[in-house]
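Asker: This is the structure I have questions about; it appears just below.
A short reminder: the numbers here are calculations on the coordinates, not readings from a lab. Keep in mind that what you see is a predicted model, and the values were worked out from it rather than measured. Quick reminder, even Gly has a Cβ in these numbers, built from the backbone with ideal geometry, and neighbours come from all protein chains shown.
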Amino acid sequence: MVEKAKRRPLISRLSAIVTTIIGVGLLAAAIFRWQQASWGELVWLAGLVAASLIRAPHGAKVRQNEIEDSRDDVQEQALLFAMFLAMMVLPLVELAGGVFSFADYRLPDWATATGAVLQVGYLWLFWRAHADLGRNWSPGLELRGGHELITRGVYARMRHPMYAAIWLGAIGQALLLHNWIAGFLVIPAFAAMYILRIPKEEAMMRSRFGAAYDDYASRVGRIWPGTP
Ligand code: SAH
């Protein structure tokens, strides 16, 4: 049952490749187009850099943990890849080259400003969720050696703060990047991930933590603080 992570799983190799592409894309966007970018696009770009910096140390640590149970399947990998595309690669491609300008939409300034506020909420919650989950975090659906059920910090207010954070980031992105492909597409992409992943994740947590997870779920809601 215990499966040592000798070979890195496809999901982590895929994310390493995409992260490299994103790094190069980011650099290209910053060098070639930043003066042409709107302020909403610059806020989004700063948010991407900040979110990557929040996640980077956790990504490095998680590779050292052994995997005891993995629920990653083709559907999971496809959803994760779609999120990488919608939340990082496509917006960067747009910022670097304006290739999706045929799919632009217009929003008033107050909507863009709302996007900036949501982006701040996203980054704060994303940071807190990573800090509270610690070494129990993984990009895919996995239980680690010595996995601990976290119910403290922001996990005392909601069971899925990281997904709540990503909702704020996704809605913020659609308000900051006025484009159906680079801005809006992340909303249906994350909706699919949210709907399909949570039942599998919670089943995995119940299989490991049993009554302790049932008790937690009866007290604490999914993403809305205070609603079980
Ligand atoms: N759904 C959570 C965590 C996302 S990271 C959130 O939105 O904040 C995904 C991994 O976190 C899962 O593979 C699972 O192993 C782990 N996980 C989820 N909830 C957890 C909890 N309360 N305590 C410990 N690990 C948890």
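Asker: Translational diffusion coefficient, Stokes-Einstein: compute it for the stretch 157-228 using the Kirkwood radius over C-alpha pairs as Rh, at 20 °C and 1.002 mPa s, and state it as an integer in µm² s⁻¹. If you can, show how the numbers build up before the last one.
Answerer: Numbers: Rh = 13.4 Å.
The estimated diffusion coefficient comes to 160 µm²/s.
Asker: Pick out which of GLU41, GLU68, GLU94 has the largest mean-square fluctuation in a Gaussian network model of the chain, springs linking Cα atoms closer than 10 Å.
Answerer: Among GLU41, GLU68, GLU94, the largest GNM mean-square fluctuation belongs to GLU68.
Asker: Provide Rg and Dmax in Å for the stretch 10-219, with only Cα atoms included in the calculation.
Answerer: Here Rg and the maximum Cα pair distance are 17.6, 55 Å.
Asker: How much of the calculated P(r) for the stretch 77-193 lies past 25 Å, in percent of all Cα pairs?
Answerer: Value for the stretch 77-193: 30 percent of Cα pairs lie more than 25 Å apart.
Asker: In the chain, once you exclude exposed trypsin sites (Lys or Arg not before Pro) (DSSP loop, at most 10 other Cβ within 10 angstrom), what's the longest stretch remaining? List each step's numbers first, then the result.
Answerer: On the way: sites that count: LYS4, LYS6, ARG7, ARG106, ARG152.
With a cap of 10 other Cβ atoms within 10 Å, the longest stretch comes to 8-105.
Asker: Given a 10 angstrom Cα cut-off, can you work out which residue in ALA37, ALA211, ALA51 is the most mobile in a GNM of the chain?
Answerer: For the chain, modelled as a Gaussian network with Cα springs under 10 Å, the answer is ALA211.
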